[in-house]
Amino acid sequence: MASTTRTALRSGLGALLAGRGAVAGARLRSALAVRGLTLRSVFTLTQLADGPVNQQALIDLLGVDPSALVAVLNELEGLHLLTRQRDAADRRRHIVTITPKGTKTLAQVDAILAGTDDDLFAALTPGERAQLERLLEKVADTELCGENY
């Protein structure tokens, strides 16, 4: 085990992070699939948790191609997790709103993600996990959201 870590470290921090990220992504996707959700749908619901957002603003917040967002919105609307309504002030725009079922689902997703984190980072103390989170947030580029969408 130690030689594997040393080999990964010689490959660079980015490679080590990418490898662990692949494992984390696979576990998250698997856990979310049980609920019929994807990481994209969770990113989208999370942006709606604080209140309605117009569709263009949602595209900008997530940094995604409009057609990719429309596909996710169609999926989430079909699951009754959000609604889209025409903006009364500008009929060309849609206002996207999370539904009560969507809010409940997002709370369940939070529990799923916490459990997945517990599994992924079981070797770390709570303090180490908090430090890792702070460090990753420090280097995170907000533009990366769209690349992962």
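Quick notes on this one:
- The dipole here belongs to the stretch 10-127: it is taken about the Cα centre, uses +1 on the Cβ of Lys and Arg and -1 on the Cβ of Asp and Glu, and is about 220 debye.
- Expressed as a whole percent, the accessible area of the stretch 47-149 that falls on carbon and sulfur atoms is 53 (1.4 Å probe).
- Largest mean-square fluctuation among G115, G36, G51, in a Gaussian network model of the chain whose springs join Cα atoms under 10 Å apart, belongs to G51.
- Over the stretch 30-112, the fraction of Cα-Cα pairs per 5 Å bin, rounded to whole percents and listed from the shortest bin up, is 3, 15, 29, 26, 17, 7, 2, 1, 0.
- Per residue accessible area of the stretch 21-149, 1.4 Å probe, in Å²: 62
- Mean residue ellipticity at 222 nm, helices only, the chain: -21500 deg cm²/dmol; runs of at least 4 DSSP H residues each add -39,500 (n - 2.57), and the sum is divided by the number of residues.
- Listed options for Cα Rg over 2.2 N^0.38 Å are (i) 0.96; (ii) 1.00; (iii) 1.22. The value calculated from this structure is the one marked (iii).
- Unit charges at the beta carbon, dipole of the chain: most positive-side option, L79, A123, L136: L79
The values are calculated or read from the model by the stated rules, or taken from the named source; none is laboratory data. The shown structure was predicted, so the numbers you read here are calculated from the model rather than taken from an experiment. Positions of Cβ are backbone-derived with ideal geometry, glycine not excepted, and every protein chain shown enters the neighbour counts. Just the protein is used for accessible areas: all its heavy atoms, side chains included, with ligands, DNA and RNA removed. Shrake-Rupley method; radii C 1.70, N 1.55, O 1.52, S 1.80 Å.
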